1. Among the aliphatic types (A, V, I, L, M), at pLDDT below 80, at negative phi and surrounded by 17 or more Cβ atoms within 10 Å (Cβ to Cβ): does that describe A104?
2. When residues of the range 68-80 are filtered for being open to solvent by 90 Å² or more (accessible area, probe 1.4 Å) and within 25 Å of Q137 (Cα to Cα), how many remain?
3. Take the residues in the range 192-214 that are part of a strand (DSSP E or B) and β-branched (V, I, T); name whichever of them is least open to solvent (accessible area, probe 1.4 Å).
4. Going through E479, E518 one at a time, which residue ends up being open to solvent by 10 Å² or more (accessible area, probe 1.4 Å), acidic (D, E) and not assigned by the TED database to the domain that holds D206?
5. Name the residue, out of V460, V481, that is of a type in the set (V, I, T) and in a strand (DSSP E or B).
6. Would you mind telling me which numbered condition in (1) among the polar types (S, T, N, Q); (2) without any contact (Cβ under 8 Å) to a residue 60 or more places away in the chain; (3) over 27 Å from A499 (Cα atoms) S148 fails?
7. Tell me yes or no: at least one residue of the range 136-150 is in a strand (DSSP E or B), open to solvent by less than 30 Å² (accessible area, probe 1.4 Å), closer than 25 Å to S374 by Cβ and modelled with pLDDT of 95 or more.
8. Just to be sure I understand the filter: pairs with C-beta atoms under 7 Å, separated by 6 or more residues or on different chains, first member in the range 373-386 and under 15 Å from D18 (Cβ atoms) and touching a residue at least 24 places away in the same chain (Cβ under 8 Å), second member surrounded by 14 or more Cβ atoms within 10 Å (Cβ to Cβ) and not polar (S, T, N, Q). Which pairs pass?
Amino acid sequence: MSDLQAPLRPKRKKGLVDFLVQFRWIFVIFFVLPFSALYYFLIYLGDVRSEMKSYKQRQKEHDENVLKVVKRLKQRNPKKDGLVCTARKPWIAVGMRNVDYKRARHYEVDLSAFRNILEIDKQRMIARVEPLVNMGQITRVTVPMNLSLAVVAELDDLTVGGLINGYGIEGSSHIYGLFSDTVVAYEIVLADGRVVRATKDNEYSDLFYAIPWSQGTLGFLVAAEIKLIPVKEYMRLTYTPVVGNLQDLAQGYMDSFAPRDGDQDNPEKVPDFVEGMVYSPTEGVFMTGRYASKEEAKKKGNKINNVGWWFKPWFYQHAQTALKKGEFVEYIPTREYYHRHTRCLYWEGKLILPFGDQWWFRFLLGWLMPPKVSLLKATQGESIRNYYHEMHVIQDMLVPLYKVGDALEWVHHEMEIYPIWLCPHRLFKLPVKTMVYPEPGFEQHHRQGDTPYAQMFTDVGVYYAPGPVLRGEVYDGAEAVRKLEQWLIKNRSFQPQYAVSELNEKDFWRMFDADLYEHVRRKYGAVGTFMSVYYKSKKGRKTEKEVQEAEQAHLETAYAEAD
């Protein structure tokens, strides 16, 4: 795509909802931020209380709570009670997708008690945790032990269950894959109330491989065993600016972590962490990190940057300074580095609070940041919710690494959104074909970043208001998402299901592979009990009748035609 000129659009007539969105910061400052701070504090107290209990006591409570879930499932009358879902309110989920499937009445099962770290096994290097344990909670426990999950998502609020059933990526994913690739065992309550432990090599191996991306539609996840790795106290981070066209930026990004000689498994050539931010069609900054000891970080001449302090500049703006002062290196405490985007929600905070990045706000009220996403969603109202669906984009594009330049050009032409987040990840070649899988025959092409056992993909994170919206022009957000989804299908790429989707059922299964998923749904009785992943992801309101009729069609005929 050589023509980067954005199409001209007419001016859009503004209405009341534009006014409400423009001045929503007043409500955020005086209501959302104080209540968010209180909410976070109460959650913290609950976490501390949990940590004071012995592992034996936590396991006992876990077993009791699992029995409650089993009892609740067995009490269900399929003919009267309808489909099963969790009792969590729709607005609690992190992400823009409206949880519309819960607007129809369903048979609710309460999983709110499953928020404990059950065990940190230093010998096996495994963390056994419940699904509502979040990233902030687990790093607070593991990092002081010089341990960490192999993949730690940046935002504190993201939970283990959401990252497994949905989508989890971090700057270490170019080594370890997605979050679900680091899980060694799942504890699942099936539709009939059986409690099973699924691993890649036991009798439930098909369930093990089908759980990721299934959105909780195969059973209730009640615990997971996740790989731990040893870490050091600091991250030595190098900021490298790159200037040129979008293809030049893409190549600079690839060169930052993928050796051109193909030696992708050499720790001397491949950093521990990678992240890229494209600030404009001609400017980007790519960061590479390596774990460093306290002794190294505190050597004379080294700069330590505590990016987690409330008054510090927002991380993405701090990284942007490399465009002016050139490449530089600094040391960041490991846990603060993990959660570097939490305080400003990447750059979404700039839209929520236009002056939130100013020095005076950071000093006075920065300690209240970030606003709780669930409170933002709960208080936005139907009109604002619909406005954000049309005038705002929160999408991730998972594309093969060699196509990242084409993806950047597409986003510029169709959406004009900056900054753009880049994060690479391995898509492993597994014994079975899962919903998300590498390109067939990728091993023969020897492309940059690939290995014989995994193809390198990258996340192209598109989070912000499109350029036409910021300029007050007409913009059709739904049509833009439809075009994005068709581009992804055409280019053998994927769209995480947390995002707003315009896919119909046929195109959904053109993007994802249904074979294993549908086999497991039938084998373990999920059909007729849990909503299928397509209907759970589908945009718009759903009735139980609509979903049950579709489920019956799946029982009688094959799933939607796949390309």
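1. Working: among the aliphatic types (A, V, I, L, M): yes; at pLDDT below 80: yes; at negative phi: yes; surrounded by 17 or more Cβ atoms within 10 Å (Cβ to Cβ): yes.
For A104, the condition - among the aliphatic types (A, V, I, L, M), at pLDDT below 80, at negative phi and surrounded by 17 or more Cβ atoms within 10 Å (Cβ to Cβ) - is met.
2. Initially, the range 68-80 is screened for residues open to solvent by 90 Å² or more (accessible area, probe 1.4 Å), giving 68, 71, 74-75, 79-80.
Remaining after also requiring within 25 Å of Q137 (Cα to Cα): 68.
Qualifying residue count, the range 68-80: 1.
3. The initial filter retains those residues of the range 192-214 that are part of a strand (DSSP E or B), namely 195-198.
Subsequent filtering for residues that are β-branched (V, I, T) retains 195-196.
On the way: V195: 71, V196: 8 Å².
Restricting to residues being part of a strand (DSSP E or B) and β-branched (V, I, T), the top hit is V196.
4. Numbers: E518 fails: open to solvent by 10 Å² or more (accessible area, probe 1.4 Å).
Residue meeting the stated conditions: E479.
5. On the way: V481 fails: in a strand (DSSP E or B).
Going through V460, V481 in turn, just one is of a type in the set (V, I, T) and in a strand (DSSP E or B): V460.
6. For S148, the failing item is (2).
7. Start the filter on the range 136-150 by keeping residues that are in a strand (DSSP E or B), which leaves 147-149.
So of that shortlist, the ones also open to solvent by less than 30 Å² (accessible area, probe 1.4 Å) come out as 147-149.
Add one more test, that the residue is closer than 25 Å to S374 by Cβ, and what stays is 149.
Add one more test, that the residue is modelled with pLDDT of 95 or more, and what stays is 149.
There is at least one residue in the range 136-150 that is in a strand (DSSP E or B), open to solvent by less than 30 Å² (accessible area, probe 1.4 Å), closer than 25 Å to S374 by Cβ and modelled with pLDDT of 95 or more.
8. The qualifying pairs are S383/V17; I384/V17; I384/L20; I384/V21.
The values are calculated or read from the model by the stated rules, or taken from the named source; none is laboratory data. Just so it is clear, the model here is predicted, and its values are computed rather than measured. No Cβ is skipped: glycine too gets one built from the backbone with ideal geometry, and neighbour counts run over all protein chains shown. Keep in mind that these areas ignore ligands, DNA and RNA; they rest on the heavy atoms of the full protein, side chains included. Shrake-Rupley method; radii C 1.70, N 1.55, O 1.52, S 1.80 Å.
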